Amino acid sequence: EHLQTQNLSLPAGAHVHYTFSEIFFYKPKLWWPNGMGKQYLYNVEITIEVRGFGESDLWSQPFGFRKIENHIDSATGGRLFKVNGEPIFIRGGNWILSDGLLRLSKKRYQADIKFHADMNFNMIRCWGGGLAERPDFYHYCDMYGILVWQEFWITGDVDGRGDPISNPDGPLDHDLFLLCARDTIKLLRNHPSLALWVGGNEQVPPEDVNSALKTYLKLHPYFENLNSD
Amino acid sequence: MAEIGKVVLDKGWLAARSTEIELTGVQLTTTNPPSGPDSTWMEAVVPGTVLATLVKNKVVPDPFYGLGNEAIIDIADSGREHYTLWFFTTFECNLLNNQHIDLNFRAINYSAEVYLNGHKKILPKGMFRRHSIDVTSILLHDRPNLLAVLVHPPDHPGRIPPEGGQGGDHEIGKDVAAQYVEGWDWIAPIRDRNTGIWDEVSISVTGPVKIVDPHLVSSFFDNYKRVYLHTTIELVNKSAIVAECFLNIQVATEVEGNTCLV
């Protein structure tokens, strides 16, 4: 039941979106943050064969079933998180990058992130003045159960504060910012550790950028309906 | 025959300051490729920054030891061309009929000109974006392919005021790039502003149809007893004929070693 094959006919030069029929799981093993349970990962593999040619392309990624919710608590003003319906007490670390010269090896990421898990942390916040972290970073957060709070590249100090006010309208090229944001979302969106996107550090992005980001990251209406079931 | 899949290009890279190279990108990737490290070309760190390459070759001291950073000229004083570098490597790939090859850069800071076997392609600006170029038609099958990349620093590297401060003079905020590189309360300014091929470079071989950016989403019901996996993908048919495809998705759990339960 966790295997599905479809026949497709693709016109010459076509670039299409295709949605598989949903795949049903009964009581799958869930992915939990560090300290709440195991980080159970399934391997999702997609292959495409073309008649007369054979295997044409393949893609695979570890995938964890988890549901992350959060809201601002009206009593304290703090942000509360739930994972798979269970409240979680966040113990977080602030992260800029693994190396100032960006020699970002798998080995280094593994050591750094395991260290955070060993410290009993369950979240890393990737600060907006640094990087959108790399797939290898997220891979080890998936493995060690570290939730990731990922900010986009806006900071109060450089965008919008000071005298005179610095870059009050953010980067010069808003379209470029949004193109980079869209591409980054596509790069990272399948990692179970990815918990929260934030517009920037201690600053709200310019209105057009902020509203576009909210649109990009909005849950598809189909899933809104499903989740309210 | 090339195997379907990705090969990471992270070895054998050379780098040279653009100001020290009089050859064009076309010449570097046709008649006059560098033969190896010499007085001009040095071993490069890819992925990594220009400064990482200069540190590796002891051209500058390590900025994170002692006062090493003070001995490295800042881009505001040197000019952008000082940290504009050529990167060069070679790779081999023999494609079958109907196979296609993409050259992929997962992130470059901040823009670049790519030359492959004498053909030029401009990579647009932006530190956080992927670039994928179909190079099937310009690939050489009987000898090494020559790849040169001229990497330019951010457009607005800024200047660090004597008193320092959060993000220096804030000019870097005009670009779509990391902002800490002008210095912050926790780090000294990064002299090259992290210019470089700072994430993975790869080639990927596919058949006529390529899979792009799968999206996996799960939905939960009945207290996590009933769960659905929803999968959307993009497919690109690179061929000039209709492709009859068999598309397959499989979700497996590893039981032990290489044994999977489907």
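What does the average come to when, for each residue of peptide A:153-163, you count the partner chain Cβ atoms lying within 10 Å of its Cβ?
Mean number of neighbouring Cβ atoms from other chains: 5.
Working from the alpha-carbon coordinates of the stretch A:42-171, get Rg over Rh, Rh being the Kirkwood radius.
1.08
Taking Rh as the Kirkwood radius, which is the inverse of the mean 1/r over Cα pairs, what is the Rg/Rh value for the stretch B:1-130?
Dividing the radius of gyration by the Kirkwood radius yields 1.00.
Consider just the alpha-carbon atoms of the stretch A:1-44 and return their Rg together with their Dmax, both in angstrom.
Both quantities, over Cα of the stretch A:1-44: 16.6, 51 Å.
In the stretch B:1-78, what GluC sites (Glu not before Pro) fall in a loop by DSSP, with at most 15 other Cβ atoms inside 10 Å?
In loop regions of the stretch B:1-78 (DSSP not H, G, I, E or B), the sparsely surrounded GluC sites (Glu not before Pro) are B:E3, B:E22.
To the nearest whole number, what is the average tally of beta carbon atoms from other chains within 10 Å of the beta carbons of peptide A:55-68? List each step's numbers first, then the result.
On the way: counts 7, 18, 15, 6, 9, 3, 2, 1, 6, 2, 8, 3, 5, 0.
That works out to 6 on average.
Per residue of A:2-9, how many C-beta atoms from partner chains lie within 10 Å of its own C-beta, taken as a mean? Intermediate results must be reported in sequence, preceding the final value.
Values: counts 8, 6, 7, 5, 5, 4, 8, 5.
For peptide A:2-9, the averaged partner shielding equals 6.
What is the Å³ per residue value for the convex hull set by the Cα atoms of chain B?
209
Between 0 and 90 degrees, rounded to the nearest ten: what's the tilt of helix A:207-216 against the longest Cα principal axis of chain A?
So the helix axis and the longest Cα principal axis differ by about 30 degrees.
Quick one: net charge of B:H100's neighbours, Cβ under 10 Å, K/R +1, D/E -1?
Within the 10 Å Cβ shell, the charges total -1.
Find the relative contact order for the stretch B:117-262 and round it to a whole percent, using C-alpha pairs within less than 8 Å whose residues are 6+ positions apart.
Details: 160 pairs, mean separation 19.7, N = 146.
Rounded, it is 13 percent for the stretch B:117-262.
How large is the Kirkwood hydrodynamic radius of the stretch B:79-143, counting all unique pairs of alpha carbons, in Å?
13.5
In the P(r) worked out for the stretch B:59-191, what percent of Cα pairs fall beyond 20 Å?
Details: 4870 of 8778 pairs.
In whole percent, the share of Cα-Cα pairs in the stretch B:59-191 beyond 20 Å is 55.
Counting C-alpha atoms alone, how compact is the stretch B:20-85: give Rg to one decimal and Dmax as a whole number, in angstrom.
Final numbers for Rg and Dmax: 13.8, 44 Å.
Which loop-located chymotrypsin sites (Phe, Trp or Tyr not before Pro) does the stretch A:45-130 contain, where loop means any DSSP state but H, G, I, E or B and the Cβ has at most 13 other Cβ atoms within 10 Å?
Within the stretch A:45-130, the qualifying chymotrypsin sites (Phe, Trp or Tyr not before Pro) (loop, at most 13 other Cβ atoms within 10 Å) are A:F89.
Once the Cα atoms of helix A:135-144 and of chain A are each reduced to a long axis, what angle between those two axes, in degrees from 0 to 90 to the nearest 10, is obtained?
The two axes meet at around 90 degrees.
Roughly how many whole Å is it from the C-alpha centroid of the stretch A:118-192 to that of the stretch A:205-220?
What the calculation gives is 14 Å, centre to centre.
Kirkwood Rh, Cα Rg: Rg to Rh for the protein assembly as shown?
Radius of gyration relative to Kirkwood radius: 0.97.
Give me the net charge of B:H119's neighbourhood, meaning all other residues with Cβ under 12 Å from the Cβ of B:H119; Lys, Arg count +1, Asp, Glu -1. Intermediate results must be reported in sequence, preceding the final value.
Details: positive: B:K120, B:K121; negative: B:E113, B:D134.
Once positives and negatives cancel, what remains is 0.
Provide A:L3, A:L97, B:L147 in ascending order of the number of other Cβ atoms located within 10 Å of each residue's Cβ, fewest first.
Ranked by crowding around the Cβ, least crowded first: A:L3, A:L97, B:L147.
Please report the relative contact order for chain B, taking Cα pairs under 8 Å with a sequence separation of at least 6, and give it as a percent rounded to a whole number.
Details: 552 pairs, mean separation 57.5, N = 262.
Relative contact order comes out at 22 percent.
Per the Kirkwood formula on distinct C-alpha pairs, the Rh of chain A is how many angstrom?
About 20.0 Å, per the Kirkwood formula over Cα pairs.
So what is the relative contact order for the stretch A:127-206, in percent, with contacts set as C-alpha pairs under 8 Å and at least six apart?
Working: 111 pairs, mean separation 36.4, N = 80.
The normalised contact order for the stretch A:127-206 reaches 46 percent.
Among A:K114/B:K58; B:K11/B:K58; A:K67/A:K214, which pairs are too far apart, with a Cα-Cα distance over 21 Å?
Values: A:K114/B:K58 31 Å; B:K11/B:K58 19 Å; A:K67/A:K214 19 Å.
From the list (A:K114/B:K58; B:K11/B:K58; A:K67/A:K214), the Cα-Cα distance tops 21 Å for A:K114/B:K58.
Counting each DSSP H run of 4 or more residues in chain A as -39500 (n - 2.57), what helix-only mean residue ellipticity at 222 nm follows after dividing by all residues, to the nearest 500 deg cm²/dmol?
Computed ellipticity for chain A at 222 nm equals -7500 deg cm²/dmol.
Report the charge-dipole magnitude of the stretch B:75-194 in Debye, nearest 20, computed about the Cα centre from +1 at each Lys and Arg Cβ and -1 at each Asp and Glu Cβ. Don't skip to the end; give the middle numbers.
On the way: 12 positive and 15 negative charges, 67 e Å.
Dipole magnitude for the stretch B:75-194 comes out near 320 debye.
Consider just the alpha-carbon atoms of the stretch A:99-229 and return their Rg together with their Dmax, both in angstrom.
Over the stretch A:99-229's Cα set, Rg and Dmax evaluate to 16.3, 51 Å.
Read-outs throughout are calculated quantities, based only on the coordinates presented, and are distinct from any laboratory measurement. Just so you know, these numbers come straight off a predicted model, no measurement behind them. Cβ atoms come from the backbone with ideal geometry, glycine included; neighbour counts cover every protein chain shown.
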